[in-house]
Amino acid sequence: MAAFVVIALAAIPVAVISNFVRVIALVLITYYFGDAAAQGFVHDFAGLLMFAVALLTIFGIDQLATPLFSKRKPIAQ
């Protein structure tokens, strides 16, 4: 339950960070390749990039939070 709370609380910062990555990518594309290059497919691709960054970040937070809040004891070897 506690790991779920950590992930839920991390949703807003993850959304902000992934949107920041999208904006930076579009700014760099516009700067180096012009305004026309940042429209259409590249703009859609930046949205997919934002989704991928957010999803991978949530997976990473889950991987870090689950062992911290797990009630199971490790199996002795």
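If a helix is a whole DSSP H run, which ones in the chain reach 15 Å or further along their own axis (Cα) and hold a mean Kyte-Doolittle hydropathy of at least -1.0?
11-33, 41-69
DSSP loop (so not H, G, I, E, B), at most 11 other Cβ within 10 Å: list which trypsin sites (Lys or Arg not before Pro) in region 16-77 pass both filters.
For trypsin sites (Lys or Arg not before Pro) across region 16-77 that sit outside H, G, I, E and B with at most 11 neighbouring Cβ atoms in 10 Å, the list reads LYS71, ARG72.
Beta carbons within 10 angstrom, averaged per residue: use that to sort the peptides 30-37, 61-68, 48-55, highest first.
Most protected by this proxy first, the peptides run 48-55, 61-68, 30-37.
Every number here is computed from the coordinates shown, using simple stated rules; none is lab data. All values reported here derive from a predicted model rather than from experimental measurement. Note that each Cβ is placed from the backbone with ideal geometry, even for glycine, and that neighbours are counted across all protein chains shown.
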